[in-house]
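Right, one structure below, let's go through it.
The values are calculated or read from the model by the stated rules, or taken from the named source; none is laboratory data. In this text, all values refer to a predicted model and were calculated from it rather than measured experimentally. Glycine gets a Cβ as well: all are built from the backbone with ideal geometry, and neighbour counts include every protein chain shown. Accessible surface areas use protein heavy atoms only, side chains included; no ligands, DNA or RNA. Shrake-Rupley method; radii C 1.70, N 1.55, O 1.52, S 1.80 Å.
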Amino acid sequence: MIDTGDTAFILVSAFLVFIMTLGIAFFYGGMVRRKNVGNTMLMCTTVAGVVSIIWVAVGYSLVFGSGFGTGAGDSFLAHPFLGGLERVFLSGVTVDTVWGTIPEFVWAIYQGMFALITVAIIVGGIVERMRFSQFLVFICLWVLIVYCPLAHMVWGGGWIADALGAYDFAGGDVVHISSGVTALVLALMVGPRFGNGKLSYQPHNIPFILLGTLFLWLGWFGFNAGSAGAANGQAGLAFATTNTAAAAAMLSWMACEYASTRKVTLFGACSGAVAGLVAVTPGAGYVDIWAAVLMGVIVSVVCFFAVSRLKPRLGYDDALDAFGVHGIGGMTGTILTGIFANPAYGPFAGLIFGDPMQVVRQLLSVLFVIAWAGGLSFLLAWFLKRLGGDLRVAHEDEEIGLDVAAHSEPSYPAYSGMDLH
């Protein structure tokens, strides 16, 4: 039976998650140089078009098909890695079909918004040097080959949740680890930006970064609270833990900055808030408020070390720290969920509530997602390189800037030519 309150709540949540793609466009757009801001924001924007069509065409069916959640009762034994094709172009979904207490149309579009933001995160690893056409082909294949099976395995009745017993409330495994690891693989395969490690790549627009962070923070309430699937107490818990973890992580990152440089920055505060939002995502509806504070504090320390120490030492050019914040943050949050999960809120207990094996299950899910997303992303990128040529733009185009070289559309015409390096 359809509940109008639950339906309204998930509709609003879907809108909020959609805003996150706009937020990541501003967040990433502010971090790159002026000559590449339009290209960066166009990549994020194009994701909304491309992935939306793929999702309704076949993605939703691959994740939630074969009767799961609609009363047919299929188990993971029947569909351990991928759903069926009976929901292609939402076939069979009518105004009368329901998912829990909401119309299935609403659930389908809400889940589609998760696919959008997941793909948009990947942009952070390859900005300023990947060919736009190759990026589009890659994300079309990636959604089908990497994202849909993962989402099915975690949320659609597949083996990660039902057989392994690892839980991901709103996307630690499915969204953040998968996109972060993919961004790192692409960054390694495309290669570093010209002058990486020698030139200073300062963000060109800090206010854009703040605006993007605020959109992300706002959207994350729909991302996490909406994952309860109804306007209930678990949604309220997820709403509260989301804000709390973001606040704690923001302060923790600022403390790390001060300990390192004796200064704090707006960019750092924004990075910390996003890290906290990432970390709490897998456990937002499963952990107590005090645990959300600890998760926020811990993840900023881990991610700060990853982006300020690990990345320079290893020399990889994860340009906008998609791996350093989303990948590492997702791994941290997923493991911490196995420590702090309170059985009063969900179907499992964490380490401190009596089940030390839950940490092992969560860790195994992290390792699996790393291997799945990393291995398949490498194969996809290798295949595209063999079939369609270099993944990277020409050196002269990189120097000119992709706004002009790829799109003939400078974002700041008055500054054209002033920041070639």
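Within the set of pairs 6 or more residues apart or between chains, which connect a residue that is on the phi > 0 side of the Ramachandran plot inside the stretch 142-167 to a residue that is modelled with pLDDT under 95 and part of a helix (DSSP H, G or I) with Cβ atoms less than 9 Å apart?
Taking only residues 6 or more apart or on different chains, the pairs are Gly157/Phe64.
Quick one: which of Thr21, Thr45 is open to solvent by 40 Å² or more (accessible area, probe 1.4 Å), in a helix (DSSP H, G or I) and polar (S, T, N, Q)?
Values: Thr21 fails: open to solvent by 40 Å² or more (accessible area, probe 1.4 Å).
Only one candidate passes the filter, namely Thr45.
Looking at the stretch 306-321, I want the residues that are touching a residue at least 60 places away in the same chain (Cβ under 8 Å) and have a partner that is among the polar types (S, T, N, Q) and open to solvent by less than 40 Å² (accessible area, probe 1.4 Å) with Cβ atoms under 8 Å, at least 6 apart or on another chain. Which pairs are those?
Asp321/Ser271
Name the residue, out of Leu184, Leu211, that is surrounded by fewer than 21 Cβ atoms within 10 Å (Cβ to Cβ) and over 18 Å from Pro80 (Cα atoms).
Every option except Leu211 fails the conditions.
Any residue that is under 24 Å from Val307 (Cα atoms) and in a helix (DSSP H, G or I) - is there at least one of those in the stretch 396-406? Lay out the reasoning, then the answer.
We begin by selecting, within the stretch 396-406, every residue under 24 Å from Val307 (Cα atoms); these are 398.
Subset that is in a helix (DSSP H, G or I): 398.
Checking the stretch 396-406: at least one residue is under 24 Å from Val307 (Cα atoms) and in a helix (DSSP H, G or I).
Could you tell me whether the stretch 95-105 includes any residue that is of a type in the set (Val, Ile, Thr), closer than 30 Å to Lys35 by Cβ and surrounded by fewer than 21 Cβ atoms within 10 Å (Cβ to Cβ)?
First, pick out the residues of the stretch 95-105 that are of a type in the set (Val, Ile, Thr): 95, 97-98, 101-102.
Next, only the ones that are closer than 30 Å to Lys35 by Cβ stay: none.
So far as the stretch 95-105 goes, no, none of its residues is of a type in the set (Val, Ile, Thr), closer than 30 Å to Lys35 by Cβ and surrounded by fewer than 21 Cβ atoms within 10 Å (Cβ to Cβ).
Across the stretch 357-372, what is the number of residues that are among the small types (Gly, Ala, Ser) and in contact (Cβ under 8 Å) with a residue 12 or more places away in the chain? It would help to see each step written out before you state the result.
So the first thing to find is which residues in the stretch 357-372 are among the small types (Gly, Ala, Ser), and the list is 365, 371.
Narrowing further to those that are in contact (Cβ under 8 Å) with a residue 12 or more places away in the chain: 365.
Of the residues in that region, 1 qualify.
Which number in (1) small (Gly, Ala, Ser); (2) open to solvent by less than 40 Å² (accessible area, probe 1.4 Å); (3) modelled with pLDDT of 95 or more marks the one condition that Gly354 misses?
(2)
Take the residues of the stretch 48-66 that are small (Gly, Ala, Ser) and open to solvent by less than 10 Å² (accessible area, probe 1.4 Å): which is farthest from Val93 (Cα to Cα)? Quick ask: steps written out before the conclusion?
First, the residues of the stretch 48-66 that are small (Gly, Ala, Ser): 48-49, 52, 57, 59, 61, 65-66.
Remaining after also requiring open to solvent by less than 10 Å² (accessible area, probe 1.4 Å): 59, 61, 65.
Numbers: Gly59: 14, Ser61: 11, Gly65: 11 Å.
Among them, the one singled out is Gly59.
Taking the options Ala322, Ala255, name whichever one is open to solvent by 10 Å² or more (accessible area, probe 1.4 Å) and touching a Ser or Thr at 6+ places or on another chain (Cβ under 9 Å). First the steps, then the outcome.
Details: Ala322 fails: open to solvent by 10 Å² or more (accessible area, probe 1.4 Å).
So the residue among Ala322, Ala255 that is open to solvent by 10 Å² or more (accessible area, probe 1.4 Å) and touching a Ser or Thr at 6+ places or on another chain (Cβ under 9 Å) is Ala255.
Anything in the stretch 117-174 that is more than 28 Å from Gly389 (Cα to Cα), acidic (Asp, Glu) and surrounded by fewer than 24 Cβ atoms within 10 Å (Cβ to Cβ)? List them, or say none. Lay out the reasoning, then the answer.
Here is the first cut: in the stretch 117-174, the residues more than 28 Å from Gly389 (Cα to Cα) are 150-174.
Next cut, acidic (Asp, Glu) only: 162, 168, 173.
Result: Asp162, single match.
Name the pairs: first residue in the stretch 252-277 and without any contact (Cβ under 8 Å) to a residue 12 or more places away in the chain and closer than 20 Å to Phe208 by Cβ, second residue charged (D, E, K, R) and surrounded by 15 or more Cβ atoms within 10 Å (Cβ to Cβ), Cβ to Cβ under 6 Å, at least 6 apart or on different chains?
Hits for this filter: Val264/Glu257.
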